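Encoded as structure tokens, the structure appears first; notes follow it.
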Amino acid sequence: MKLSGRATAILIATTGAVAASAATPQIVAAVNARKANYKEIGGAFKTINDEIKSGNPDMNAVKTAARDIAARAPQQLKYFPKGSGPESGIKTRAKAVIWADQATFLKGQQELVAASAALQTAAMSGDGAALASARTRTAAACKSCHDRFREED
Amino acid sequence: MSNPMYGRRAFLLKGALGGAAMTVGIPLLDAFLDGNGAAFAATLGGGRLPVRFGTWFWGCGMIPDRWQPKATGSGYDLPPQLAPIKAVQQHVSVLSGFDVILDGKGNLPHISGNTAVRTGAPTDNWQTIQGPTLDVIIADAIGAGSVFRSIDLSADGNSRTSYSFRNGNSMNAAVPTAAELYGKLFGPDFHDPNKAEFTPDPRYIARRSVLSAVSEQRRALLARVGAADRARLDQYFTAIREVEEKLSLKLQKPPPAEACVLPGKLAPSKADVDYTDVAERRADHKLMASLLAMGLACNQTRIFNMAYSTAASDLRRAGNTTGYHQSTHEELVDRSIGYQPTVDHFATESMAAWADFVEALAAIKEGDGTLLDNMLVFAHSDVSYAKNHDVTGIPVMLAGRAGGKVKTGLHINAPAEPISRIGLTLQQVMGIPADAWGQDAMRTRRPVSEILV
């Protein structure tokens with residue numbers, strides 16, 4: 001059967017709508033939670049970066065932001081249940097490879113947890129060099145996952 | 001004294017008036033008191049002086065390095081922002097490091113933290129809170145034996161500045177000025193509990209009778225409606241019950257209260273007071289604290305909420321258009337001192353006001369100690385670090401010994417522990433049989449045992 005362009009468009013739109021509505025409330029909640037959590041982690045990391053760049057960081061800001069990242073990082077894994085990828089119909093930049101290559105994804109997440117814990121330790125110590133090093137490690141942990149598992153904007 | 005003969009109902013004589021039930025109080029008898037004549041509260045369901053509960057709120061948090069003590073335990077150090085509490089430090093415990101756990105939720109500044117501290121679960125607005133604020137839970141349990149189940153106060157002159165909610169649709173409006181508070185506590189309806197004579201006001205007998213007459217219809221209506229309407233009616237009838245209780249109390253001679261002294265009338269307040277001016281705010285707040293303390297001593301209420309400033313604090317200095325909250329966002333960190341100086345000023349001023357409040361409660365002698373010894377006051381903010389509006393490490397302080405159940409003068413630091421542990425502890429101290437509190441990641445069964453006697 002050959003479909004006209006208009007019919008195809010309608011079919012795509014309808015399928016999309018069906019897919020979107022097919023996601024369970026738990027899947028929708030998980031996707032929303034991981035987006036919110038990553039957004040907060042990103043904001044906190046920007047705070048730390050900006051403070052380090054200032055050359056004389058406000059350690060009150062650095063400490064609280066590092067604590068926030070360290071508290072949020074271990075939460076991330078539970079927000080990637082099976083079915084919450086692109087097939088859910090929900091707008092998400094999570095690639096299907098997350099679930100196809102769980103071992104690598106899991107390893108990347110564990111590195112984020114370890115790096116953010118080290119970042120918090122460095123922030124609490126007040127040691128500028130240790131802080132800069134922990135910042136670099138955390139940034140690398142973010143980037144390696146983004147490169148492999150996240151769609152470009 | 002636990003003899004049920006001498007329970008609260010022993011004060012009541014029941015009868016009928018025009019076919020409607022009525023209740024009339026009888027004079028206080030010696031039989032209702034203990035040997036010292038000090039345990040009048042036995043007639044209200046307990047053998048000791050009443051223990052009261054209250055909250056004290058300030059907006060915009062603090063600067064951690066300038067607020068949080070370094071030493072834990074007793075005799076903790078007082079960093080610059082806490083220095084104003086020196087005179088009352090022995091009454092105040094500092095609880096630092098407790099977190100609001102957002103668990104996949106965004107931090108909606110000024111709301112996520114405040115809703116989580118008060119309801120045990122963060123939400124994006126007050127309309128979607130998942131349960132009543134903890135003051136309401138406690139008021140429902142212990143608030144019935146006084147004239148007002150709860151008194152909500154805001155020192156900013158705005159009756160809508162309140163963080164006390166029965167549910168998302170039902171905020172407890174605040175008394176916004178000292179003048180209004182005086183009228184509410186000590187106006188024409190006030191009965192001095194220490195006066196020998198007492199005459200029940202016929203107006204209350206009539207009102208009480210009308211309410212009693214509709215109780216059967218009330219029950220019948222509840223049985224007929226669906227769940228949503230039942231919830232609405234339940235909320236409505238809760239308010240009605242409060243009125244009934246209040247009227248019942250108006251028909252009884254109030255039990256004596258040794259510390260109760262009717263305050264003198266207030267001087268007329270100045271016209272057009274600008275309560276955002278931190279100096280005006282502090283002065284009116286101090287007056288409100290004294291009136292509230294006497295209201296508590298006179299058993300007008302056992303529960304209160306005081307909002308010293310709004311979430312996203314509205315304070316400013318006279319002559320300045322930029323206030324506290326705006327400064328947290330816009331003032332540059334002075335790198336030579338490591339903090340925002342204007343923000344530091346307002347955070348310190350807020351602690352000075354907290355010290356005023358504690359001092360007012362500690363100034364009233366009651367029994368062998370003070371009014372404050374028979375209370376528990378829970379002070380907290382909406383955020384931790386003012387500049388970032390974080391909700392990790394929201395500052396908390398407790399004042400009072402809760403009738404001997406709570407230790408004071410301690411600093412407890414518990415990084416990454418859910419702040420709902422404090423809310424659970426407060427409920428348990430106030431006699432609520434709760435073994436858990438909070439939702440999702442904030443759910444806890446562990447009270448802060450370090451403060452318990």
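For the range B:327-351, how many residues are part of a helix (DSSP H, G or I) and surrounded by 16 or more Cβ atoms within 10 Å (Cβ to Cβ)?
Looking only at the range B:327-351, we keep the residues that are part of a helix (DSSP H, G or I), and these are B:327-330, B:341-351.
Filter once more, keeping what is surrounded by 16 or more Cβ atoms within 10 Å (Cβ to Cβ): B:327-328, B:342-351.
The total comes to 12.
Could you look through the range B:403-425, keep only residues that are in a helix (DSSP H, G or I) and small (Gly, Ala, Ser), and pick out the one that is surrounded by the most Cβ atoms within 10 Å (Cβ to Cβ)? This residue is B:Gly423.
Would you say B:Ala436 is modelled with pLDDT under 95, among the aliphatic types (A, V, I, L, M) and surrounded by fewer than 23 Cβ atoms within 10 Å (Cβ to Cβ)? For B:Ala436, the condition - modelled with pLDDT under 95, among the aliphatic types (A, V, I, L, M) and surrounded by fewer than 23 Cβ atoms within 10 Å (Cβ to Cβ) - is not met. Take A:Glu87 and decide whether it is out of contact with any Gly (no Cβ under 9 Å at 6 or more places or on another chain) and either among the polar types (S, T, N, Q) or within 12 Å of chain B (Cβ to nearest Cβ) (or both). For A:Glu87, the condition - out of contact with any Gly (no Cβ under 9 Å at 6 or more places or on another chain) and either among the polar types (S, T, N, Q) or within 12 Å of chain B (Cβ to nearest Cβ) (or both) - is not met.
Any residue in the range B:155-164 that is at pLDDT 90 or above, in the same structural domain as B:Gly264 (by TED's automatic domain parsing) and not in a loop (DSSP other than H, G, I, E, B)? So far as the range B:155-164 goes, no, none of its residues is at pLDDT 90 or above, in the same structural domain as B:Gly264 (by TED's automatic domain parsing) and not in a loop (DSSP other than H, G, I, E, B). Taken together, the criteria place B:Ser112 among residues that are within 14 Å of another protein chain (Cβ to nearest Cβ) and under 30 Å from A:Lys35 (Cβ atoms). Within the set A:Arg150, A:Arg72, A:Arg137, A:Arg93, the sole residue that is more than 22 Å from B:His389 (Cβ to Cβ), touching an Asp or Glu at 6+ places or on another chain (Cβ under 7 Å) and among the basic types (Lys, Arg) turns out to be A:Arg93.
For (1) part of a helix (DSSP H, G or I); (2) within 13 Å of chain B (Cβ to nearest Cβ), each residue gets a yes or a no:
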residue	(1), (2)
A:Ala30	yes, yes
A:Ile41	yes, yes
A:Asp50	yes, yes
A:Ala70	yes, yes
A:Pro74	yes, yes
A:Pro81	no, yes
A:Lys91	no, no
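Residue check: A:Gly55 meets all listed conditions (1) within 17 Å of the chain's Cα centre (by Cα); (2) within 11 Å of chain B (Cβ to nearest Cβ); (3) part of a loop (DSSP other than H, G, I, E, B) but one, namely (1). Is it the case that some residue within the range B:71-94 is at pLDDT 95 or above, closer than 30 Å to A:Gly42 by Cα and not β-branched (Val, Ile, Thr)? Checked against the condition, which is being at pLDDT 95 or above, closer than 30 Å to A:Gly42 by Cα and not β-branched (Val, Ile, Thr), the range B:71-94 yields no hits at all. Candidates in the range B:364-389 are the residues that are without any contact (Cβ under 8 Å) to a residue 12 or more places away in the chain and assigned to a loop (DSSP other than H, G, I, E, B); of these, the one that is surrounded by the most Cβ atoms within 10 Å (Cβ to Cβ) is B:Asn388.
The residue of the range B:390-402 that is surrounded by the fewest Cβ atoms within 10 Å (Cβ to Cβ), among those that are over 24 Å from B:Val343 (Cα atoms) and in contact with an Asp or Glu (Cβ under 7 Å, 6 or more places away or on another chain), is B:Arg401.
Tell me, which residue of the range B:115-129 that is in a helix (DSSP H, G or I) and at pLDDT 95 or above is nearest to the other protein chains (Cβ to nearest Cβ)? Within the range B:115-129, the match that is nearest to the other protein chains (Cβ to nearest Cβ) is B:Ala116. How many residues are in contact (Cβ under 8 Å) with a residue 40 or more places away in the chain, within 14 Å of chain A (Cβ to nearest Cβ) and of a type outside the set (Ser, Thr, Tyr) if we restrict to the range B:62-97? So the count comes out to 10.
Conditions tested, residue by residue: (1) touching a His at 6+ places or on another chain (Cβ under 9 Å); (2) surrounded by 22 or more Cβ atoms within 10 Å (Cβ to Cβ); (3) farther than 28 Å from B:Leu410 by Cα; (4) in contact (Cβ under 8 Å) with a residue 60 or more places away in the chain.
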{"site": "B:Leu102", "(1), (2), (3), (4)": "no, yes, no, yes"}
{"site": "B:Pro109", "(1), (2), (3), (4)": "yes, no, yes, yes"}
{"site": "B:Arg118", "(1), (2), (3), (4)": "yes, yes, no, yes"}
{"site": "B:Ala121", "(1), (2), (3), (4)": "no, yes, no, yes"}
{"site": "B:Gln130", "(1), (2), (3), (4)": "no, no, yes, yes"}
{"site": "B:Gly145", "(1), (2), (3), (4)": "no, no, yes, yes"}
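The set of residues from the range B:130-154 being modelled with pLDDT of 95 or more and assigned to a strand (DSSP E or B) comprises B:Ile151, B:Asp152, B:Leu153, B:Ser154. Would you confirm whether or not the range B:426-435 contains a residue that is in a strand (DSSP E or B), in the same structural domain as B:His325 (by TED's automatic domain parsing) and not polar (S, T, N, Q)? Within the range B:426-435, none of the residues are in a strand (DSSP E or B), in the same structural domain as B:His325 (by TED's automatic domain parsing) and not polar (S, T, N, Q).
Restricting attention to the range A:93-114, the residues that are part of a helix (DSSP H, G or I) and either free of Cβ contacts under 8 Å to residues at least 40 places away in the same chain or within 14 Å of the chain's Cα centre (by Cα) (or both) total 15. Screening A:Gly43, A:Gly83 for residues that are closer than 20 Å to A:Asp153 by Cβ and small (Gly, Ala, Ser) leaves exactly one candidate, A:Gly43. The criterion of at least 3 residues that are outside the structural domain of B:Val136 (by TED's automatic domain parsing) and at pLDDT 70 or above is met by the following helices (runs of 4 or more DSSP H) wholly inside the range B:179-261: B:215-224, B:227-250.
Looking at B:Ser384, B:Ser327, B:Ser350, which one is within 11 Å of another protein chain (Cβ to nearest Cβ) and not aliphatic (A, V, I, L, M)? Reasoning before the result, please.
Values: B:Ser327 fails: within 11 Å of another protein chain (Cβ to nearest Cβ); B:Ser350 fails: within 11 Å of another protein chain (Cβ to nearest Cβ).
B:Ser384 is the lone residue from the list that is within 11 Å of another protein chain (Cβ to nearest Cβ) and not aliphatic (A, V, I, L, M).
The values are calculated or read from the model by the stated rules, or taken from the named source; none is laboratory data. Treat the numbers as computed from the prediction; the structure is a model and nothing was measured. FYI the Cβ positions are ideal-geometry reconstructions off the backbone, even for glycines, and counts take in every protein chain you see.
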